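Take a look at the structure below.
The values are calculated or read from the model by the stated rules, or taken from the named source; none is laboratory data. A quick note: this is a predicted structure, and the numbers were derived from the prediction, not measured. Counting neighbours? That spans all protein chains shown, and the Cβs are built from the backbone with ideal geometry, glycine included. Note: areas computed on protein heavy atoms with side chains; ligands, DNA, RNA excluded. Shrake-Rupley method; radii C 1.70, N 1.55, O 1.52, S 1.80 Å.
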Amino acid sequence: MKQKKKLGEMLVESGVISQEELQRALDEQKTKLKRLGDILLELGYVSSDAIIQALAEQISVEPINLKDTYIDAEVARLIPKELAKRHTAIPVYRKDNTLYVAMADPRNISAIDDLRIVTEMNIRPMLASEADIEQAIELYYTRQISERAIEDLKRDWQSDPVDVVLDETDIENAPAVRLAKSIIMQAIGMHASDIHLEPFEKQVNVRFRIDGSLVEVMTIPENLYPAVLTRFKVISGINIAEKRIPQDGRIEMAVGGKDYDFRVSTLPTVFGEKVVIRILDRTSFSFTRETLGFSPHNTELMNKILTGTNGIILVTGPTGSGKTTTLYALLRELNTPEVNIVTIEDPVEYMLDGINQVQVNVKAGLTFATGLRSILRQDPDIVMIGEIRDEETAQIAVRASITGHLVLSTLHTNDAPSSVARLIDMNVERFLVAEALSGIIAQRLVRRLCPDCKERYGASPAEAQLLGVPEGTPLYRKVGCPKCNGTGYSGRLAIHEVMHINRRLRDAIQAGASTEVLRDIALENGMTRLFDSCRETVLAGHTTVSEMVKTVYARD
């Protein structure tokens, strides 16, 4: 019988650690009496993912990254929370009569037997880190907390409350606290970007925006909503007595060891105040141009744009198209000890080490324009403006770029060439626009097909005509499985239209060329249209034709 290799040997053979590092960890293990994997993590020689991958190979089980996996709350509830915590295990998904369970110790036969008896299903163990499982248990069992909190609220609020005003001490002990917290925990567990609480005549719908689409997760009886609304208002610093006008607030909270920033917005509607909560994970920015989906061709154009030490780089697109994320990725790339980078944002979505970030505060008089003036007195090399919203900001940004600063910002336009007309519409002189612009990136987000269940098929005549390919060309469509919560999609990817402003385009802008003429010149210079970028993504099997039609369109 072939003897299994030890964990340390596997890590050395795969090049994750050196023989010297392994020996140092083994020497330390003799005194600390800990597992080798824990020692290597403490010494900083390996990542948690590397340990999991090696252990999974060693014991011949499938590894799973719970941070990137959606778990249906109904599946999670197949195992009681107490049992899940006792065995450090959580159900991931089910297939027929087999339950796939993430475990910290998949070799624990006793635990597997317990889970089999409770669920009356076959158990297929998978390997995940203990910390990830513990965090997942807290996140995915929150729907039970929601249901219990709603039942408690029903008992406490038998009559319709007209004006519910509770002080902080009273609210801390109310069921509304548990319900509000469980809504936030569920949203984080489902990787939602926004929470919507929408009051109607007989109930309040709670929906999460996941991968760009809204998904209904629960309903709250309308007579119980004031208590929940009050809780969100109190913790976000919003006036609980004011119900006639829109208000904005903010919540800072640590969940699962991560710091989250929640931007709360209320809006009076016919049946009460609607609440939308934007979720910002301020500690986990790890995007690069590669992970954002820039094609090799667009990467080459971006390299030309980023070589300049001054000028304006614009990222354009509708709200929610990932413009700010792209700006952050570019800033990380440009961030070196030799340069001074200052940003002004509303809001600051991620904290970046080595970059000075300023939060807009309109009530205190700190707008994009006023903040930008002050920033230019701070000796910056690179300035990032969250958004060019008005004429004053546009004028200052353009003048900053032609006086030796590299300026990055966002703009709301349909595509890259139309951004020129938008700046001119903001009363920026044509010659200044021509001189200042270095490059424009138009961006959209499309949902990525779930790799575990996508289905191959031949293009229909209409699809073939749209894509410009022969009928029957292999394409992929969504199906739906437990891993993607039945949606057929898992995450999103970006498509880009990169317009490098060269001498020919500068001359055309200064001469008053139309947007269509600028587009033609840009295409001749190598720009790939959003439509064509998305077409390549469809043909590569990463998304569907329906996503393409919904997101982009072809210009003649």
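Some notes on this structure:
- Peptide ranges 177-189, 10-22 listed from the most packed, as the mean C-beta count within 10 angstrom indicates: 177-189, 10-22
- Listed residue pairs exceeding 31 Å between alpha carbons, taken from Lys85/Lys258; Lys95/Lys202; Lys258/Lys550; Lys34/Lys85: Lys95/Lys202; Lys258/Lys550
- Taking the chain as a whole, the Cys residues whose C-beta sits 4.7 Å or farther from every other Cys C-beta are Cys534.
- Residues Lys6, Lys258, Lys202, sorted by accessible area with the largest first, give Lys202, Lys6, Lys258 [1.4 Å probe; ligands and nucleic acids excluded].
- Carbon + sulfur, % of accessible area of the chain - ligands and nucleic acids excluded, 1.4 Å: 48 percent
- The range 242-313 shape via C-alpha gyration tensor axes, a/c threshold 1.5: prolate
- Karplus-derived HN-Hα couplings along the range 327-341 (A = 6.51, B = -1.76, C = 1.60, θ = phi - 60°), whole Hz, x at Gly and Pro: 4, 4, 4, 5, 5, 4, 5, 7, 6, 10, x, 7, 10, 9, 10
- Within the assembled protein chains, the solvent-accessible surface assigned to Cys484 is about 10 Å², based on a 1.4 Å probe.
- Calculated [θ] (222 nm, deg cm²/dmol) that DSSP helices of n ≥ 4 give over the chain, each run adding -39,500 (n - 2.57): -11500 deg cm²/dmol
- Accessible area (Å², 1.4 Å probe, nearest 10) - Thr403: 90 Å²
- The mean of 1/r over all pairs of different alpha-carbon atoms in the chain, once inverted, gives a Kirkwood hydrodynamic radius of 26.8 Å.
- Nearest-0.05 FRET efficiency for Lys95 and Glu151, computed from C-beta distance (R0 30 Å): 0.40
- Range of Cα positions in the range 240-382 per principal axis (Å), largest first: 53, 36, 32
- Remark: accessible surface ordering of Ile59, Ile501 (largest first) is Ile59, Ile501, probe radius 1.4 Å.
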